[in-house]
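What follows is a set of notes on a single structure, which appears directly below.
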């Protein structure tokens, strides 16, 4: 395997001159640079990632922090990111915070310690200013979420508008008793989806029954627990808007276990369009997020920042689509 010294001898230059070419230094004249590049090609020389990191202080690594790796949403997000970064000689590394602020802080410190070049957050549990201070060491962007004060670059969807459309669909099917099972209350996406839920009910003069609105973690078991608690009362909704597909699947499973028919007795709408949406019976009506595209856009954004592109949008918002399947009682599309 060829070394940097072999390239220097072949090109008739010093080792330090080859190093300057590898770091794109302007201190090498074009003719010498071409001679060195030709020698590298002829010898099949490829600099190691570790050596490049030592020379130019870049790791070519981007850390992606997720709260729970078992959620298929993050798998699709990572797939989109990896597809984008591959063309720019970057790699992504997955960091599972388990919604633990201390673990999140440890991963953020990788940026300060020059272990990664940038960080993509899918959510965060530490205070804004705590996270923001790490941006002095490299770019930090949000994907799926955003910050009200544009504290961070972000790529997301309009969660409030999407939730409004989902609940409006239930209303137009004739439902007036509509509940909502949502994610963590401190999450900006949970907050926006709740806003859309309430906005739709208010527009159609339908009162909100606060007993039917619950915040929890995004998970199947949480959806089951929500439905079980509702069915233990004499008064429960005829339709449920779930903050994500996992919650919706839990709601459907528990409703069926308790003897209800979906959608005859209970209509359910989810959010995300994960693979499980077309596995559960009946197939789930849900808001489709362009998850892989969110990942691609987030990766492209952080690379643009790292490469110091001048035209970089602070916030990018992608479109969602309401996919109507059998869980709410209609069969308008089968996407």
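Readers should treat all values here as calculations from the given coordinates under stated rules, not as data from a laboratory. As the structure is a computational prediction, the values presented were derived from the model and not from experiment. Ideal geometry is used to build each Cβ from the backbone, glycine not excepted, and the neighbour counts take in all protein chains shown.
Table for the structure above
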read-out: Sites residue 31 and residue 86 - FRET efficiency at Förster radius 35 Å, r taken between beta-carbons, to 0.05; value: 0.60
read-out: Least to most buried among 292, 202 (fewest other Cβ within 10 Å first); value: 202, 292
read-out: Most fluctuating residue given options 73, 45, 164, as computed from a GNM of the chain linking Cα atoms under 10 Å; value: 45
read-out: 0 to 90° range, to nearest 10: angle between helix 245-257 axis and the chain longest Cα axis; value: 30 degrees
read-out: The chain: angle of helix 72-85 to the longest principal axis, Cα-based, in degrees nearest 10; value: 30 degrees
read-out: The chain, relative contact order in percent, only Cα pairs under 8 angstrom and at least six apart counted; value: 16 percent
read-out: Counting DSSP beta bridges with both ends in the chain, the antiparallel % (nearest 5); value: 10 percent
read-out: Amide N of the range 18-40 lying under 18 Å from the label point, which is placed 7 angstrom from the Cα of residue 9 along Cα→Cβ; value: 18-19, 36-40
read-out: Approximate spin-label separation residue 41-residue 315, in nm, with each point projected 7 Å along Cα-to-Cβ; value: 4.7 nm
read-out: Gained length - residue 136 relative to residue 105, 0.36 nm times residue gap less alpha-carbon distance; value: 9.7 nm
read-out: Using alpha-carbon coordinates, inclination of helix 159-172 to the longest axis of the chain, degrees; value: 30 degrees
read-out: Max mean-square fluctuation residue, GNM over the chain, Cα-Cα springs under 10 Å, options 30, 184, 207; value: 30
read-out: Burial ordering of 190, 70, fewest other beta-carbon atoms within 10 Å first; value: 70, 190
read-out: Structure-derived volume of the Cα convex hull per residue in Å³: which label, when the choices are (1) 125; (2) 157; (3) 268; value: (2)
read-out: Least to most buried among 169, 88 (fewest other Cβ within 10 Å first); value: 88, 169
read-out: Candidates 309, 228, 288: whichever shows maximal mean-square fluctuation once the chain is modelled as a Gaussian network with Cα springs under 10 Å; value: 309
read-out: Packing-based order for 295-302, 104-111, using average beta carbon neighbours within 10 Å, highest first; value: 295-302, 104-111
read-out: Extension gain (nm, one decimal) between residue 204 and residue 114, 0.36 nm per residue minus Cα-Cα; value: 27.1 nm
read-out: Relative packing of 6-14, 150-158, which averages over residues the other C-beta atoms within 10 Å, highest first; value: 150-158, 6-14
read-out: Stretch gain in nm, segment residue 129-residue 60, where the contour uses 0.36 nm per residue and the Cα spacing is subtracted; value: 22.2 nm
read-out: The chain, helix-only ellipticity at 222 nm - DSSP H runs n ≥ 4, -39,500 (n - 2.57), divided by all residues, nearest 500; value: -13000 deg cm²/dmol
